[in-house]
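The values are calculated or read from the model by the stated rules, or taken from the named source; none is laboratory data. It should be emphasised that the depicted structure is a prediction, and the values quoted were computed from it without experimental measurement. Using ideal geometry, Cβ is built from the backbone for each residue, glycine included, and neighbour counts are taken over all protein chains shown. Please note that ligands, DNA and RNA were not included when accessible areas were found on the heavy atoms of the full protein model with its side chains. Shrake-Rupley method; radii C 1.70, N 1.55, O 1.52, S 1.80 Å.
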2 protein chains.
Amino acid sequence: MLKVTLKKIAATLGVSTATVSKALKDYPDISEKTKKKVKSLAASLNYKPNSFAQSLRNQESKIIGLIIPTIVHHFFSNIIYGVIDSASEHGYLVITLQSNESYEDEKNKINLLIEKNVDGILLSLSDKTVNYKHINRLIDDGVPVVLYDKISRSVNCSKVIINDFAAAFNATQYLIDTGCKKIAHIRGPLKPQTTIDRFMGYKKALEVNNILFDDSLVYVSDSLSFENGYNIAPKIINDHTDVDAIFSFTDLVATGVLIRFKELGILVPEQISIIGFSNWFLSKITSPTLSTVDQPGYEMGRKAFTLLYNELNQIRNGEPIKHEIVEIATKVIPRNSTKPI
Amino acid sequence: MLKVTLKKIAATLGVSTATVSKALKDYPDISEKTKKKVKSLAASLNYKPNSFAQSLRNQESKIIGLIIPTIVHHFFSNIIYGVIDSASEHGYLVITLQSNESYEDEKNKINLLIEKNVDGILLSLSDKTVNYKHINRLIDDGVPVVLYDKISRSVNCSKVIINDFAAAFNATQYLIDTGCKKIAHIRGPLKPQTTIDRFMGYKKALEVNNILFDDSLVYVSDSLSFENGYNIAPKIINDHTDVDAIFSFTDLVATGVLIRFKELGILVPEQISIIGFSNWFLSKITSPTLSTVDQPGYEMGRKAFTLLYNELNQIRNGEPIKHEIVEIATKVIPRNSTKPI
DNA sequence: ATAATTTCCGAAATCGTTTTCGGTTGTCTT
DNA sequence: AAGACAACCGAAAACGATTTCGGAAATTAT
């Protein structure tokens, strides 16, 4: 396959490359007649502009970078899907990279993307990221960055989040509405804002309902795994014989608890109610099915790209860059691991 | 952020850009002294070569394309993970696109990748693809293509597959070994080679064990969904009161059957055994847990990239291109939806 | 018929890197 | 001291597309 270039078209038509380029882009200073000629030849030769040359010239790649903490994960899969979908619709492609919840990886992967001259980056902070210099440097360098899901208040950029506080509040309130009074919380890793907010929402719901907050009812799951729930479950019932509900920061851990309870002969929700978080696919097929909070990954992915796209356009038009912070709505999904209201 | 270019380094050092370029790449015709100078300045200025210029000059992007039928899918998530992991290790980045199991989308997405001048493409055929001209054209044009998972015999390129036939044979044989005699099969969409092979493996196992093949025991699930299994389950027991096992082409559908059976009061595995396919995460947490066949997506992803990488190197070195077909091993994972052996 | 506009096209610079092919120095032989 | 040979470096031509600026031709106005 010999490449079709502007030069070749120009040569066979006896005009200059400038004319060909302008004809294809409908410049007003090219006659209709030549435009017709050029366009038809280009079409029949199946001319495709060389993207490297275009990028070099226009200083944009039409590629964005997406950094995901963990790819194999239902919620994040949906994020990827949403981002790619929305990006395609606007003529952008997406390079995906995984940070493995590691600060070092996060930095390295950002560098890889920058070296490839991506036009912008979509980023969810790793659990271990507590220092935001690498991101602020990016932004100072003029690279548009949009944070999604796991964000930090100390980075000044556009963000897409769910209102974790409100979502956790609602989940806890729901448990209370079904008659639960002694509610344990399995919280996630300490650093991410999401798990902090979920914890605070839980606490607030107790407060509003005049239930005394008891620190010993809060269990920390340092990572997101089935096994963690499986192992924490017996601790909870050993520590507190009268617990009647558990709010877990994520479905996967809640599922671990569910399975362990089943093995231990504890009835859910009769003895203990369980509510998870994220509405993973698996929550629909556990037995009993798992009540949870819907966390719409696809929507978040789409919105994250949209915000980035807006900034890209602002930059192109020389407008001032407006950062936006968007909250995606969540809702409690009652299933069978909680009592009817 | 003003860009650091070769020209700028050259200017401040009073040498030519050629010298700078060669110094950074350790050309032998540059003195150690200048190399030191150049390298240290480049480092302190944090020089990053412009990838567009490099690509334009070297005719390679160091980016590959990955087309996935469905991103939100446990198996394919693992594929993505494996590809990205392996690619990063070799200095390649990955643009991921989704074909939505649509032939048109598949063609369009391939075009997008080609327009971005990716160095190669990893592709799993959509269920609806029955015409391979678009892929053969690619290959004829010199774009390295590696097919993974859903492949076609009529495309001449490297491929990574699991031995679906053997895997299905083993799964069926396993059911027989546990004493099952009347085994239904839920097969997938008719076109993909994978589901054909699984069907054939099932059939062969019956034959080898002198069990008469009964066409009415084969049910077609036109798509991969929980609901399909949920709906097919009652049909099976209505059509055949004496069925004692089901081999489903995928875990998700098997799970649908499982849940429906539970609702219908049919005991698994006492009355009917079920074995799925793919070892989705969810198969570990159904109740009973689902016996299945492990289908290592991560390994496949890695291998697929490796094959592409090999071809890329062959091209670069002007060697003849050797296509390779790799089969990834699978194994039956016995859990509690089948009887002990 | 001459002047004033349009209309249309092309030369050339640019984006940043790579690499060939010479050309300068300086060193080493005799 | 002249020639031979290394050792170093740079000019310049790619890679393709874009866009400014100016110039020639064709049209209109006077």
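B:L45 meets the stated requirement of being of a type outside the set (K, R), within 14 Å of chain A (Cβ to nearest Cβ) and over 33 Å from the mean Cα position of the chain (by Cα). Taken over segment B:50-65, residues that are facing another protein chain (nearest Cβ under 9 Å) and either buried (at least 22 other Cβ atoms within 10 Å of the Cβ) or free of Cβ contacts under 8 Å to residues at least 12 places away in the same chain (or both) amount to 11. For segment A:144-176, the tally of residues that are part of a loop (DSSP other than H, G, I, E, B), free of Cβ contacts under 8 Å to residues at least 40 places away in the same chain and in contact with a helix residue (DSSP H, G or I) (Cβ under 7 Å, 6 or more places away or on another chain) stands at 1. Give me a count of the residues in segment A:101-127 that are within 17 Å of the chain's Cα centre (by Cα) and surrounded by 18 or more Cβ atoms within 10 Å (Cβ to Cβ). Residues flagged as within 17 Å of the chain's Cα centre (by Cα) and surrounded by 18 or more Cβ atoms within 10 Å (Cβ to Cβ) within segment A:101-127 amount to 12.
Here are some conditions: (1) buried (at least 22 other Cβ atoms within 10 Å of the Cβ); (2) more than 25 Å from A:Y230 (Cβ to Cβ). A:S154 meets all but one. Which one does it not meet? If we test A:S154 against (1) buried (at least 22 other Cβ atoms within 10 Å of the Cβ); (2) more than 25 Å from A:Y230 (Cβ to Cβ), just (1) comes out false. Residue count for segment B:306-341, restricted to those that are among the small types (G, A, S) and modelled with pLDDT of 95 or more: 1.
If you check B:D105 against the conditions, is it within 13 Å of chain A (Cβ to nearest Cβ) and farther than 19 Å from B:P69 by Cβ? Answer is no for this residue. Counting only residues that are away from DNA strand C (no atom under 11 Å from the Cβ), outside any helix (DSSP H, G or I) and surrounded by fewer than 16 Cβ atoms within 10 Å (Cβ to Cβ), segment B:2-25 holds 1 of them. When B:V72, B:V83 are checked against the criterion of being away from DNA strand C (no atom under 13 Å from the Cβ), of a type in the set (A, V, I, L, M), closer than 30 Å to A:W280 by Cβ and at the interface with chain A (Cβ under 8 Å from one of its Cβ atoms), a single residue qualifies: B:V72.
Filtered by the rule that a residue be within 11 Å of DNA strand D (Cβ to nearest atom) and of a type in the set (A, V, I, L, M), segment A:21-44 gives A:A23, A:L24, A:I30, A:A42. Just one of the numbered conditions (1) of a type in the set (D, E); (2) buried (at least 17 other Cβ atoms within 10 Å of the Cβ); (3) more than 19 Å from the chain's Cα centre (by Cα) is not true of A:D140: (2).
Of the residues making up segment B:177-209, just one is open to solvent by 50 Å² or more (accessible area, probe 1.4 Å), of a type in the set (A, V, I, L, M) and outside any helix (DSSP H, G or I), namely B:L190. Right, A:S77: in contact (Cβ under 8 Å) with a residue 40 or more places away in the chain and more than 11 Å from DNA strand D (Cβ to nearest atom) or not? Yes: the conditions hold for A:S77. Somewhere in segment B:212-232, is a residue within 23 Å of B:T70 (Cβ to Cβ) and touching a Phe, Trp or Tyr at 6+ places or on another chain (Cβ under 6 Å)? There is at least one residue in segment B:212-232 that is within 23 Å of B:T70 (Cβ to Cβ) and touching a Phe, Trp or Tyr at 6+ places or on another chain (Cβ under 6 Å). Inside segment A:273-305, can you point out the residues that are under 19 Å from A:N78 (Cα atoms), of a type in the set (V, I, T) and modelled with pLDDT of 95 or more? Scanning segment A:273-305 gives A:T292, A:V293.
Scanning segment B:1-20 for residues that are polar (S, T, N, Q) and more than 8 Å from DNA strand D (Cβ to nearest atom) yields a count of 2. Summed over segment A:77-91, the residues that are crowded, with 23+ Cβ neighbours inside 10 Å and closer than 23 Å to B:Y92 by Cβ give a count of 6.
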